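Coordinate-derived values only; no laboratory data. These numbers were taken from a predicted model, which means no experiment stands behind them.
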Amino acid sequence: MVRGFVYLAAVVDWFSRRVLAWQLSNAMDTSFGIEAVEEAIEKHGRPEIFNTDQGAPFTSEAFTGRLERFSNWSRAKPMLSSGFFLPGAPSDGS
């Protein structure tokens with residue numbers, strides 16, 4: 001039996017607690033996280049707030065750059081230490 005790790009990237013809607021997309025990988029790189037995000041946005045649309053883990057795959061330039069492309073502004077605004085606010089829709093629910 002081969003030993004090692006399997007990494008999971010899941011995009012979850014915090015309100016409904018529904019898993020919108022997920023990907024597995026045997027290497028901790030950015031590609032599987034980007035694929036999960038793209039799948040979720042393609043199927044369910046762009047979110048107002050996108051919160052991520054602080055791990056290297058989710059703070060890399062490739063990952064954050066992909067999130068910036070989904071925002072209406074030229075740069076996604078950092079929110080706290082582990083998420084991004086994607087401008088373009090009211091964040092207060094109005």
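Here are a few things to note about the model shown:
- Length released on extending from Ser31 to Thr59, taking residue separation times 0.36 nm less the Cα-Cα span: 8.8 nm
- Residues whose amide H falls under 5 Å from that of Asn51, counting only those 5 or more places apart or on a different chain, are Phe84, with hydrogens built in the peptide plane.
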